[in-house]
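The values are calculated or read from the model by the stated rules, or taken from the named source; none is laboratory data. All values derive from a computational prediction rather than experimental measurement. Positions of Cβ are generated from backbone atoms using ideal geometry, with glycine treated the same way; all protein chains shown enter the neighbour counts. In case anyone asks, the SASA skips ligands and DNA or RNA and just uses the protein heavy atoms, side chains included. Shrake-Rupley method; radii C 1.70, N 1.55, O 1.52, S 1.80 Å.
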Amino acid sequence: MVRLALALSLTLGAASAASAAATGVAFVHGTGAQTNALADYWTPEFVNSVRQGLPDQSKYVVINCDLGQYMWDSRAAGCVAGQLTTFINNAGITDLVVITHSNGGNVVRWILSNPTYDSRYPNIIGKIRWVNALAPSSAGTPLADAVMAGNVFEQALGWLLGYKNDAVRMQQVSWMAQYNQNNLLGTAGRPALPKGFWNVVGTDVDSSPFDGDSWCGGYQYNLGLETTQNWLASCSDGFLNCTSQQAAGRTWFRDIDRVAGSEPLSHNQSRRACFGLDRILRDDI
C-alpha cells in the first residue's frame with residue numbers, strides 16, 4: 001500500500017509535466033566484471049520485456065562494470081556513476097528507474113548514501129525515481145564468509161561466488177554490518193535513503209528435474225543453489241537469506257506473494273524472465 005501511494009503521488013505530481021518527462025530504466029548487475037551484461041547476466045529476453053514499460057523503449061541502459069571490487073571503487077561505483085551519467089545526459093533522462101540485482105544493490109546504495117563522495121552522484125540521485133532491488137545482498141551472506149575461509153563450492157556456482165575478490169570479501173556478514181552502521185543508509189537505526197529502495201525477496205529454491213519451473217533460468221544453477229542452502233536459513237534464495245535481502249529500504253514483495261503460481265525465485269531466477277517477474281517490473285515503470 002505504501003508503494004502504491006507513492007506511485008500515485010508521483011504520477012499525480014508529474015502529470016502537468018508529463019509531456020516533458022523522459023523516463024528511462026537502468027539495469028545494474030551483481031558481483032563480477034561484466035563487458036556484456038545484457039547477454040551474459042540479464043539476457044535479452046528479460047531486458048527487452050521490462051523495457052516495454054517505457055514510453056520510449058530506446059531509453060534504457062545495461063551497465064557493464066567491474067563489480068568484483070569494493071562498492072566505492074572507481075571500477076565499481078565510479079564506473080556505474082559514469083555510465084549512468086552518460087545515459088542520463090545523452091537520453092535526456094529526467095525520471096530514472098534503477099533495477100539492481102544482488103551486489104548491484106550495494107553499489108547503488110553506496111551512491112545514494114554518499115552524495116559528496118563523487119561530483120556525479122547528486123545529479124544521478126536527483127534523477128532517480130526509485131530503485132527496484134532484486135535479491136539485494138544488503139546484509140551480506142554466510143556464503144561469502146565460507147568462500148573467504150576457503151570452502152569449495154560446486155563448479156556451477158562460479159558465476160555466483162567467483163574467487164576471493166574484494167566484492168566477495170565485502171559481502172561477509174560482519175563486514176556488511178560495519179558498512180551498514182557507518183557508511184550506508186537505509187538499514188535499521190540509520191537514516192533513510194534519499195530515494196526509495198524497494199526489495200524483491202527470493203524465499204526458496206526449486207531444483208527437482210521433474211518440475212518444469214526448476215528449469216527456468218538454467219536447471220544447473222538452481223541445483224547448485226539448492227546445495228548452498230545448507231549454509232543458509234530456511235528462508236533464502238540459495239545465495240542470500242531473506243533477512244539480508246530485506247535489511248535495507250523496504251520490501252516491495254516476496255516472490256511467492258506476487259509471481260505466477262506463487263513460485264519461489266532462486267537467486268539466479270530473480271534476474272530472469274521467470275514466472276512473470278519481468279512483467280511485474282515492466283508494469284512498475
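Springs between Cα atoms under 10 Å define the GNM used for the chain, and in it the highest mean-square fluctuation of R258, R129, R51 occurs at R258. Coupling constants for the range 203-220 follow from the phi torsions by the Karplus curve (6.51 cos²θ - 1.76 cosθ + 1.60, θ = phi - 60°), and in residue order they are 10, 6, 10, 9, 9, 6, x, 9, 10, x, 5, 6, 8, 5, x, x, 4, 5 Hz; glycine and proline get x.
Rolling a 1.4 Å sphere over the protein heavy atoms, what is the accessible area per residue of the chain, to the nearest Å²?
Numbers: 11580 Å² over 285 residues.
Spelled out: the 1.4 Å probe surface of the chain, per residue, equals 41 Å².
About its Cα centre, the chain has a charge dipole of approximately 960 debye under the convention of +1 per Lys or Arg Cβ and -1 per Asp or Glu Cβ, with nothing else charged.
Computed about the Cα centre, the dipole magnitude for the range 19-165 is approximately 320 debye when only Lys and Arg (+1) and Asp and Glu (-1) carry charge, each at its Cβ.
Look at the dipole of the chain built from charges on Cβ: of N241, G30, N106, the Cα furthest out on the positive end belongs to N106.
Net charge in the neighbourhood of G186 (other residues with Cβ under 11 Å of its Cβ; Lys, Arg +1, Asp, Glu -1) is +4.
Compute the length gained on full extension between N90 and N48: take 0.36 nm times their separation in residues and subtract their Cα-Cα distance, giving the result in nm to one decimal.
On the way: separation 42, 0.36 × 42 = 15.12 nm, distance 2.01 nm.
Between N90 and N48, full extension yields an extra 13.1 nm.
Largest first, the residues R279, R109, R120 sort by 1.4 Å accessible area into R279, R120, R109. Under the simplified labelling scheme, the A39-W215 pair shows an inter-label distance of 2.5 nm, with each label point 7 Å from Cα along Cα→Cβ.
Suppose the chain between V173 and N151 were pulled fully straight at 0.36 nm per residue; how much longer would it get relative to their current alpha carbon spacing?
Values: separation 22, 0.36 × 22 = 7.92 nm, distance 1.60 nm.
Contour length minus Cα-Cα distance gives 6.3 nm.
In summary, the aspartates and glutamates within cross-link reach of K127, defined as a Cα separation below 16 angstrom excluding same-chain residues under 8 places away, comprise D95, D118.
Ignoring ligands, DNA and RNA, what percent of the 1.4 Å accessible area of the chain is carbon and sulfur? Don't skip to the answer; put the middle values down first.
On the way: 6050 of 11580 Å².
Heavy-atom surface of the chain belonging to carbon and sulfur, 1.4 Å probe: 52 percent.
With K and R counted +1 and D and E -1, the other residues having a Cβ less than 10 Å from that of Q269 yield a net charge of -3. Computing FRET efficiency as 1/(1 + (r/R0)^6) for F253 and R190, where r is the C-beta to C-beta distance and R0 is 22 Å, gives about 0.45. Applied to the range 45-50, the Karplus parametrisation 6.51 cos²θ - 1.76 cosθ + 1.60 on θ = phi - 60° returns per-residue 3J(HN,Hα) values of 4, 5, 4, 5, 6, 5 Hz, with x for Gly and Pro. Among residues other than N114 whose Cβ falls under 14 Å from its Cβ, what is the net charge (Lys/Arg +1, Asp/Glu -1)? In short, +2.
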